[in-house]
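Here's the structure we're looking at; comments come further down.
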Amino acid sequence: MAASMQEIHATAVRPRSYQDDSYRQGFFDTIGDLQNAGVLQDVVLEVESRQFPCHRLVLSAASPYLRAMFTSDMAESRQKTVVLQGINADAFQAILSYIYSGTLHVSLDKVQPLYQAADLLQLDYVRNACRIYMVMNVDRSTCVDMYRFADFFSMVAVRNRSLQCICRFFSEVSHTKEFYSLSVKQLTEMISHDKLDVKVETTVWEAVVRWVQHSREDRLHHLPSILPHIRFNLLTSDDTAAISEHPLVNEDPGSSELRNLEQRSRTSNLKRRIGMDAEEMVLQFRTVETSPDTIEMLCVNPRSGKYIRYSYNLPEVRSATVTSNNDIYILVLESYSQLSLLQYNHVENLWEQMSSMHRTITEQPCEMIFEDLVEVNGYLYYLAFSWARTKGVSMVMKKYQWFTNLWQDCSKPDHDGLASGVALSCGKHLYLFSNTEIHRYDPSQDVWCKRTPLRTIPNLFSAVAIGTEIFCTDMTFRRTVVYDVEADSWREIPGFPEQNQTISKGFPILCAHEGQLHAMIDLYNDDDTSHTHAYVYDRSVGVWSDLQVTLPGTDRKLCERVFHVARMYTCLPGQNDQMDTQDEDPQDSRN
């Protein structure tokens, strides 16, 4: 039945709401203009003798602290000029910029005073932004200072991240002035940690000595509470004797009590520090063919034949790198057009999400020729070459910005149809090798230049940098050449040992283990079975030597042509059964 005229009319006049999406931005722009022009300002906030004319209404809307001040019977509600104590003037200026624009600017030198000001003014967004920024910027140069600050303000995430970094770089950070400013409680928390990355326990004792001597009169009496955290059962008898006779111990009025504590600690069974069982290992990332969603990280010591095989439920690894800080990063393929950057947590043996990146593909179907992840001067760079029928070879290069957690486009080299290549860092530059060209990238200038090309290897396959030299080899391991980055010159060294030329070989991968050039290569027998052999190059005699170890063969799909080297913890809690020798079957661990 057709609707009546009354029903149609009622529908037509029903109330509706309209949303003006541009109003909020326009409102910010307007009050920002008023502030910049100094119009309608009705209060002046004085911070560290600097005056900031503002609007009470705007400040009250932004800050619960200021709202309570301006709307109560407090004297400040009637004063034209209000003095704010305990706030840094530069930090307050940044907060005013945020209040009037909605944009917050954070930097490493201002993040702590900015957080303090936001904490007083009860600005939750600013506090959260500062916490996130601090977590992202914890490293060996900032971790102790961040730890002290986070401990005072009870920022759990920042504190935990900082403590983890301190444990990892304890030998280095224990020599800094920030370390000497720790409280006795903070110091004992650090040195009692199982996860200190120290090779010997004397490192911990020496750090305690430096901390006490920094302010001997105030700290010497704390020694009895500190000494039980030194693991005397991990020291040699000579080390414990030296500690017993140390002037700090002998000068303390309670020295006899200290010796008793030391004696009891010596007979204890305290755990080894995590760094005492760490060793340098070659990393290989592989996709398990029977389980496409399973990625394997094989950690190999080519000299001893020991290896650890870890498995993770991760997408395909497209590239990996190990930084100068021993941080391990991988790029995994989330989808055809999406990559994710993951960082390895050494202590927990798991991968943590860092960022996502759009994977620029010219068109589909497209053959991705190669992708590389390279660290230069503390920054990560992503390089990719793809080929499409209509556009030929295309290149993408991006730089990872830690402070924004985003990727930024970089300049690209002028290349003559690069079809394949290897990217790696050496010194302060990034090098891109192909069969016909060499390009060098200067990150400080975002500029590429060409260098003397490689002409003696028709099929470049693997390369590795050691010092100021880059070693390159072909797919057959018959030709190996060295590029001197300072002289911009090439020379050849012997390839695969002649006595093994009759053995069918898989593709060789070069790597630098303990400062020496190594090659990992699969050897195939007549029955098509394979095993991986490791070779080391002796520069003094110019000979490759077989290390006579048998490692897992590549029955799985290798994810890249570069094997990185990292210092790995081999005796993590619950992971001791993952260490294998060349005579044992590997066990998988899954996170």
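Values in this text are rule-based calculations from the coordinates and carry no lab data. All values derive from a computational prediction rather than experimental measurement. Neighbour counts are summed over all protein chains in view; Cβ atoms, including those assigned to glycine, are modelled from backbone coordinates with ideal geometry.
Amide H contacts of ASP194 (H built 1.01 Å from N, in plane; Pro and chain starts excluded): no residue 5 or more places away or on another chain comes under 5 Å.
Between THR71 and PHE403, what length comes free when the chain is fully extended (0.36 nm per residue of separation minus the Cα-Cα distance, one decimal in nm)? Can you show the working numbers first?
Values: separation 332, 0.36 × 332 = 119.52 nm, distance 3.78 nm.
That pair, THR71 and PHE403, stretches by 115.7 nm at full extension.
Extending 7 Å from the Cα toward the beta-carbon at both LEU120 and HIS175 defines two label points whose distance is 3.8 nm.
With R₀ set to 30 Å, the beta-carbon distance separating VAL288 from GLU514 gives a calculated FRET efficiency near 0.55.
Checking the table LYS110/LYS399; LYS185/LYS306; LYS80/LYS110; LYS199/LYS428 against a 31 Å threshold on Cα-Cα, which pairs fail? Before the final figure, lay out each step's value.
On the way: LYS110/LYS399 24 Å; LYS185/LYS306 40 Å; LYS80/LYS110 29 Å; LYS199/LYS428 29 Å.
Going by Cα-Cα distance, LYS185/LYS306 fall outside the 31 Å limit.
Pop the C-beta distance of VAL209 and THR81 into the FRET formula with R0 = 60 Å and round what comes out to the nearest 0.05.
Details: r = 52 Å, r/R0 = 0.87.
Between VAL209 and THR81 the formula returns 0.70.
Residues whose amide H comes within less than 5 Å of that of VAL565, counting only those at least five positions distant or on another chain, are LEU283 (H built at 1.01 Å from N in the peptide plane).
Subtracting the Cα-Cα distance of VAL200 and GLU48 from 0.36 nm times their residue separation leaves 49.9 nm of extension gain.
Separation of region 450-466 and region 277-323, taken as the distance between their Cα centroids, equals 26 angstrom.
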